[in-house]
Every structure is written in structure tokens, then in C-alpha cells.
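Have a look at the structure below, then the notes.
The values are calculated or read from the model by the stated rules, or taken from the named source; none is laboratory data. What you see is a predicted model, and the numbers here were worked out from it, not measured in a lab. No Cβ is skipped: glycine too gets one built from the backbone with ideal geometry, and neighbour counts run over all protein chains shown.
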Amino acid sequence: MSSYILRLKSKALICIFFFGLTQGTYAQFGAGFTMNTDLYQRYTNPKNNLNEGRSSGSTLLNFSIGPKLWLGKNNFSFSLESQIGMGFTGYDTDGYKGMGLINIPVIGSFNFNGASGLCKDNKAGFSVGGGIQYNKTEAFGLRDKYKSRGLSRDFFPTYIIQAGAGFGFGPSGVAFLGFVRYGFHPDTEASSLNIGIQYDINYLAFRKNFKNPNSAL
């Protein structure tokens, strides 16, 4: 019964939030994509009974891309995004087991000022959000000697929070943010950490501004 009431409260809060967005002036909608360059990423696999290293990291050749949606007003929006990211050179320094890292986050964020994706002025901004991320280490294959010991590397989830700050270029729909994303799973003791630069492009705003003869684009 308590879980049912909690679900009702959550739905009510979501309805109130989006109703509030539409009051006063019409809410704006944006659609585009987001890209990340991770300067550092590290993933810790779920705990197991094997005496083997669980963590892998990377500082080179880490890229992500995916779709992003915005709903809000000039200086505030809610966004929903998903990406697929690859860390091509990631490996475990506690015994080489294989290379490659994959992360697939799904994130809902509250965005302010220049980070809103809908801002009409050039200005700084920030965002905070959270969601879930699926991670995989040794993505290009686990070495046979570790497979023979019973070790496996499957996708595992972490519950994530993310904060970012940067600058948005007004009606162009383009914004750059530095971000930190941390994830943890209390049952498996798995974790994830991503630190990097995010590039957001609201394609609808960008296209509209590009076609405007008075635009700087």
C-alpha cells in the first residue's frame, strides 16, 4: 500500500512540474544530441568471490554520443538524454584482463540559464540530474586465463548523479559544460565515475537560427 501511495505522489509531482512549465508563457521544446569527451572514467564491477581486480579505468580516447530532449523556458528546462560511450583504451591495472569500456547512461536533468538548451542569450549555466547507467569493462574480450577461473564481465547498473557547469551560446542551441557523474549500486558495491566535457546541440534551435538571415551563424 505504501509503495502504491509513493507512486501516486511521484506521478502527481511530475504532473505539477510540467503544468508549471506551461503557465505564463508557452513551454518550449528542443530536440538534438549530446556528445561527451571523458577526461577520466573508472568502473568497479560487482563484488564476487574471486580474488581478482574489479576496476578498470581510462584517460584516453573516451567518447560518447546520443539523443537529447529539452522542455522548458528561456532560463530553465528539464532534459532527458541517453548516450552510448566507449573507452577504447580502458583496462585493469591490477592484472591485464582485456581492453575496452562501455557506458550507457539514461539521465534526467534540471538545467539553468545558459545550460537550458533554450536560452536566448549568451551566458553561463549549470545542470544537475541523475538516473541509471549500464557499464561494461573488458568490452573487447576477457582473456582466456581469467575465463578459466570463472571470471565474467557482464553489463552492470549503477544509480548515477551528475552535475555540470559551462556556457551556452544563446539561440544557436549550443552549450559546453564540464561535468562529473558518479554512480553506485548498494547491493553489488559496483561503482562508476565519469569526468569530462559535454557538448549539447539543440538541433531545432540551431536549424532555426541557421536559416535566420540576421543570425551570426
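Among residues of segment 26-54 that are without any contact (Cβ under 8 Å) to a residue 24 or more places away in the chain and buried (at least 18 other Cβ atoms within 10 Å of the Cβ), none has a beta-carbon under 7 Å from a residue that is outside any strand (DSSP E or B) and β-branched (Val, Ile, Thr) at least six positions away or on a different chain.
So which residues in segment 133-156 are aliphatic (A, V, I, L, M) and within 18 Å of the chain's Cα centre (by Cα), if there are any at all? Spell out the reasoning first.
The initial filter retains those residues of segment 133-156 that are aliphatic (A, V, I, L, M), namely 139, 142, 151.
Listed by number, the list is empty, since nothing qualifies.
Taking interchain pairs and intrachain pairs at least six residues apart, which have beta carbon atoms under 6 angstrom, with the first residue in segment 144-167 and closer than 13 Å to Lys47 by Cα and the second among the aliphatic types (A, V, I, L, M) and part of a loop (DSSP other than H, G, I, E, B)? Once the first residue is closer than 13 Å to Lys47 by Cα and sits in segment 144-167, its partners that are among the aliphatic types (A, V, I, L, M) and part of a loop (DSSP other than H, G, I, E, B) give Leu151/Leu50; Arg153/Leu142. For segment 155-179, the candidate set comprises residues that are outside any strand (DSSP E or B) and touching a strand residue (DSSP E or B) at 6+ places or on another chain (Cβ under 7 Å); within that set, the residue that is nearest to Asn103 (Cα to Cα) is Phe155. Across segment 161-178, the qualifying residues are those that are modelled with pLDDT under 95 and touching a Leu at 6+ places or on another chain (Cβ under 8 Å), and the one among them that is nearest to Ile132 (Cα to Cα) is Gly173.
Kindly indicate whether Lys97 is part of a loop (DSSP other than H, G, I, E, B), in contact with a Lys or Arg (Cβ under 9 Å, 6 or more places away or on another chain) and either farther than 22 Å from Leu69 by Cβ or hydroxyl-bearing (Ser, Thr, Tyr) (or both).
On the way: part of a loop (DSSP other than H, G, I, E, B): yes; in contact with a Lys or Arg (Cβ under 9 Å, 6 or more places away or on another chain): yes; either farther than 22 Å from Leu69 by Cβ or hydroxyl-bearing (Ser, Thr, Tyr) (or both): yes.
The answer is yes for Lys97.
Only one entry of Phe155, Phe179 meets the criterion of being surrounded by fewer than 14 Cβ atoms within 10 Å (Cβ to Cβ) and closer than 24 Å to Tyr91 by Cβ, and that entry is Phe155.
The residue that is farthest from the chain's Cα centre (by Cα), among those in segment 110-132 that are in a strand (DSSP E or B) and surrounded by 24 or more Cβ atoms within 10 Å (Cβ to Cβ), is Asn111. Selection of first residues in segment 190-207 that are buried (at least 20 other Cβ atoms within 10 Å of the Cβ) and of second residues that are acidic (Asp, Glu), restricted to Cβ pairs under 9 Å at least 6 apart or on distinct chains, gives the following pairs, ordered by first then second residue: Asn194/Asp38; Gly196/Asp38; Asp200/Glu81. Of all residues in segment 180-206, those satisfying the criterion of being more than 18 Å from Gly66 (Cα to Cα) and not in a strand (DSSP E or B) are Pro186, Asp187, Thr188, Glu189.
Quick check on my filter: what residues within segment 156-201 are of a type in the set (Gly, Ala, Ser) and farther than 18 Å from Asp38 by Cα? Break it down stepwise before answering.
From segment 156-201, those of a type in the set (Gly, Ala, Ser) are 163-166, 168, 170, 172-173, 175, 178, 183, 190-192, 196; that's our starting set.
Gly168, Gly170, Ser172, Gly173, Ala190 - these are the residues of segment 156-201 that are of a type in the set (Gly, Ala, Ser) and farther than 18 Å from Asp38 by Cα.
Given the structure, is Tyr182 at pLDDT below 95 and in contact with a strand residue (DSSP E or B) (Cβ under 8 Å, 6 or more places away or on another chain)? It is false that Tyr182 is at pLDDT below 95 and in contact with a strand residue (DSSP E or B) (Cβ under 8 Å, 6 or more places away or on another chain).
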